[in-house]
Amino acid sequence: MLFSKTKAALDLYARFGGEHRRSPLAPAALLYAGTLCAGPRMNDFAKAREWFARVAAGHPGTREAEAAEYYTATLAWRGRKWTEAEKLHKAFAAAHPGSPLARVALDERLPAIAKKSLAVPLQAEPHEVVVGPRDRKRKAIPIEQADAYNTDLDIIPANGYKLVGSTIIDHDSRGAGKL
């Protein structure tokens, strides 16, 4: 019964993607079809890759196309195709350097692929904030200037949260007066 519903949904997504391919909803429909194929009910990675390829080719530059490229790399990784997974993750990170998923690909997935493992270590919360010269973070954190080399931070956590600790490293200590 569940498989027939999944198949009916795929048929609907395929029809929508074909008849309304210029619709702004078309890439999302094709992406959903791919995720249905890759999901536990169907577990058909080859079919999912076809859907993701349609999204990437038919709707370049969209968020869905970016997600489809990442999902394709993920499928290669989940399928234990280590060489292909490494190539796809590197290509994704190079094509979308500003994407948060590029950081995941570089910092989490590639080390796991190098070990030929599906286990990805959980990234711990950062305990320090690195602030570079003229960084946007300088404007986001209220800073009271104490002197040329020392500053006091006035960080007040939101209600219900406790500030454990914080550190700001000024990589431009000579220009610390510009904080």
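Can you bin the range 1-123 into rounded, prolate or oblate? Criterion: square roots of the alpha carbon gyration tensor eigenvalues sorted a ≥ b ≥ c, rounded for a/c under 1.5, prolate for a/b above b/c, oblate for the rest. Display every interim value, and only then the final one.
Values: a/c = 2.61, a/b = 1.49, b/c = 1.76.
Since a/c reaches 1.5 but b/c is at least a/b, the shape of the range 1-123 is classed as oblate.
Positive-end ranking of 97, 67, 43 along the dipole of the range 43-112, with charges on Cβ about the Cα centre, is headed by 43. The largest accessible area among 12, 88, 30 belongs to the first residue in 12, 88, 30, and the rest follow in falling order (1.4 Å probe, all chains). The largest accessible area among 19, 69 belongs to the first residue in 19, 69, and the rest follow in falling order (1.4 Å probe, all chains).
Only four residue types carry charge here, +1 at the Cβ of Lys and Arg and -1 at the Cβ of Asp and Glu. Report the dipole size of the range 1-101 about the Cα centre in Debye, rounded to the nearest 20. Spell out each step's value before the answer.
Details: 15 positive and 9 negative charges, 41 e Å.
The dipole magnitude comes to about 200 debye.
Could you state the accessible area per residue of the range 41-93 in Å², with a 1.4 Å probe and every protein chain left in place? Please report the intermediate quantities before stating the final value.
Working: 2930 Å² over 53 residues.
Heavy-atom accessible area per residue stands at 55 Å².
The values are calculated or read from the model by the stated rules, or taken from the named source; none is laboratory data. What you see is a predicted model; the values in this text were computed from it and never measured. Note that each Cβ is placed from the backbone with ideal geometry, even for glycine, and that neighbours are counted across all protein chains shown. Note: accessible area is taken over every heavy atom of the protein model, side chains too, but ligands, DNA and RNA are not part of it. Shrake-Rupley method; radii C 1.70, N 1.55, O 1.52, S 1.80 Å.
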